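Asker: Here it is, the structure, as structure tokens.
The numbers here are math on the coordinates, done by the rules we state, and not lab data. Model, not experiment: these values are computed from the prediction. Here the Cβ is made from the backbone with ideal geometry for all residues, glycine too, and neighbour counts use every protein chain on show.
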Amino acid sequence: MPKKAVNPLYDALLKPHTQNSNSFLILEDGQRVSYAEFIQLAGQIANVFKSIGVNKGDRVLVKVAKSPEALATYAACIQTGTVLVPLNTAYTPAETNYFIADAEPALIICDPDEETSISKSLENPGTHLLTLTDNCSGSLVDSIDRNTAIAETQSCSADDLVALLYTSGTTGKPKGAMLTHGNLLSNGQSLVDCWAFTEQDVLLHALPIFHIHGLFVACNVALLSGCSMVFLSKFNLDSIIDSLSKASVMMGVPTFYTRLLEDKRFNENLTKHMRLFISGSAPMLKQTHMAFEQRTGHRVLERYGMTETNMNTSNPYHQERKIGTVGLTLSDVLVRIRDTDTGQCLGADLTGAIEVKGPNVFKGYWKLAQKTAEEFTDDGYFITGDLGFLDQEGYLTIVGRHKDLVISGGYNVYPKEIETVLDAIDGVTESAVIGIPDHDFGEKVVAVVVKQQSTSINETDLIEICKTKLAAYKCPKQVFFVDALPRNAMGKVQKNSLRQQFS
Ligand code: MLC
Ligand code: AMP
């Protein structure tokens, strides 16, 4: 690797901190990892990649618990020009195998418990496999200990890939969204400005690091501003309540906020020193916003993004935060609303399809050129699949989704994927999966099933079978049996009517 190479993300996120002794991560047990130590760790992991021959453009698939080492793997990917493929730890072996086959990683880093099953299913015998636990052990850690940190960085352009994040679709098959150095850098910089982050901030981080929210939005903003993060392994009410006194900013999905509001310990006293609460990944109900403001005096700042686009809009930090909206377009992003039938661009207050253009928008779907083309307009806007309107002042309100999607606790569930599993079960004639309002998760996944007359299969059986094939968060929380699914004249299942019936 050339010593003084240009590497957009390394140069902006990591290089400024090589001698920085300030805390980057504050762990649950009080241990601290300084910026310099974090970069040293990343350099050691980069050396592990180099020693086994994992090179620029190679995919590094990571399915491990949240830890400083897991986060440093992302930094090592930046440094080496390799492409991080982070996976939800909840995925079943079948789901994991799909991602491995599609991403064709040169290196897989997984929990030791999964090592045997993953290695047995590997189609490419040349794939390297290393392990990492949540308490800093495993073969990756052994390799880190044997390797000194390297300082050299791989030369990369803004257009080079740094991550592949899988997101499902209406076809039910997950697609890898290709994100570049330029995408992440431009978005991170916009967010630091928009949310007024400085090195004085301490960000309370309880999100998973396998989605853009916890990984890029949170960590890139921290690295760019030089602030610290209280790095919790997951969302846990007691840990959040204990950690709030150390923090100045918190980021979360709406479920974080509804759960906090249910706890009497969460009050104005606990939050008066905080400067900002940010929410996104799913709609926050007006009543949650209002209850939060009443309890703490803080108005949650809501923003809107997606895996393919990073963040698009945000309520402002200094000006008015309008409840029910996802705010104003970020400085380098274009958002427009188009009529879903005529394709005409719509003016203020008119609802249509939300389309987005800018340096934040991904490069395309991995190995799916045709699918990529279908998701963009001729003039280069990405069709988000969300429906909404811009008001006279430019604030965006999301009113619904054109895509068949359920968002449960901030996780996306694509009904088609669950329906495919249900429909293949003996005794099931057909199924429709919908989201219905849920106090905790915002929406919860339920299935409406037509079963064969001869079968004795019941709700528990169906949920249990789903859990063997799908990550538990995707599985229906309830199953309703009906004689027939309501269909329109075209034969399409009328999910709106099911949602009304079962909500
Ligand atoms: C966990 N479970 C869920 C669930 N999370 N079920 C439905 N929806 C969810 N979100 C299930 C588990 O499978 C398990 O089921 C049971 O609940 C308990 O699991 P847990 O791990 O103890 O759950 P918990 O810790 O309470 O997790 C809830 C949560 C978590 C809200 C803290 O889901 C979470 O951290 N969500 C954040 C997701 C996120 O980061 N989204 C960003 C996407 S990026 P069982 O059956 O085994 O008991 C994006 C773009 C953007 O959208 O704009 O940001
Ligand atoms: P994902 O594909 O996981 O990145 O999820 C992106 C989707 O989450 C978007 O297309 C929206 O439908 C939804 N989303 C993200 N933020 C918000 C928000 N603040 N309000 C409503 N929906 C949101």
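Asker: Just subtract the alpha-carbon distance of residue 340 and residue 5 from 0.36 nm times their residue separation and send over the number in nm, one decimal.
Answerer: 116.0 nm
Asker: Among DSSP beta bridges whose residues both lie in the range 406-502, state the antiparallel percentage, nearest 5.
Answerer: Bridges in the range 406-502 that DSSP calls antiparallel: roughly 80 percent.
Asker: Give me the percent of DSSP beta bridges within the chain that run antiparallel, rounded to the nearest 5.
Answerer: 60 percent
Asker: Pull up the DSSP beta bridges for the range 5-121 and report the antiparallel fraction as a percent, rounded to 5.
Answerer: 25 percent
Asker: Sticking with this structure for a sec: Order these peptides, 186-198, 342-354, by their mean beta-carbon neighbour count within 10 angstrom, highest first.
Answerer: The packing order, highest mean first, is 186-198, 342-354.
Asker: Under the rule of at least 5 residues apart or a separate chain, name every residue whose amide H is placed under 5 Å from the amide H of residue 401.
Answerer: Residues meeting the amide H criterion: 387.
Asker: Considering only the other residues whose Cβ falls under 14 Å of the Cβ of residue 344, what net charge follows from Lys and Arg at +1 and Asp and Glu at -1?
Answerer: -2
Asker: A further question follows. I need the calculated FRET efficiency for the pair residue 196 and residue 429, taking r as the beta carbon distance and R₀ as 45 Å, to the nearest 0.05.
Answerer: 0.20
Asker: When we measure straight from the Cα of residue 469, which lysines land under 20 angstrom away, once same-chain ones fewer than 8 places off are left out?
Answerer: 63, 120, 173, 175, 416, 444, 451, 477
Asker: Taking R0 as 60 Å, what FRET efficiency do you get between residue 455 and residue 290 from their Cβ-Cβ distance, rounded to the nearest 0.05?
Answerer: 0.80
Asker: Using θ = phi - 60° and the Karplus form 6.51 cos²θ - 1.76 cosθ + 1.60, what ³J(HN,Hα) does each residue of the range 299-308 get, whole Hz, x for Gly and Pro?
Answerer: With coefficients 6.51, -1.76 and 1.60, one gets 9, 4, 8, 9, 9, 9, x, 7, 3, 5 Hz.
Asker: Among 356-366, 85-95, 372-382, 238-248, how do they line up from the highest to the lowest mean number of other beta-carbon atoms within 10 Å?
Answerer: 356-366, 85-95, 238-248, 372-382
Asker: Helix-only estimate, please: 222 nm mean residue ellipticity of the chain, summing -39500 (n - 2.57) across DSSP H runs of length 4 or more and dividing by its residues, to the nearest 500.
Answerer: Computed mean residue ellipticity for the chain: -8500 deg cm²/dmol.
Asker: Once you list every other residue whose beta carbon is under 12 Å from the beta carbon of residue 326, what net charge do they have if Lys and Arg are +1 and Asp and Glu are -1?
Answerer: So the surrounding residues net to 0.
Asker: Peptides 39-46, 265-272: what's the order by average Cβ count within 10 Å, highest mean first?
Answerer: 39-46, 265-272
Asker: Given the convex hull of the Cα atoms of the range 202-375, what is a quarter of its surface area in nm²?
Answerer: 11.6 nm²
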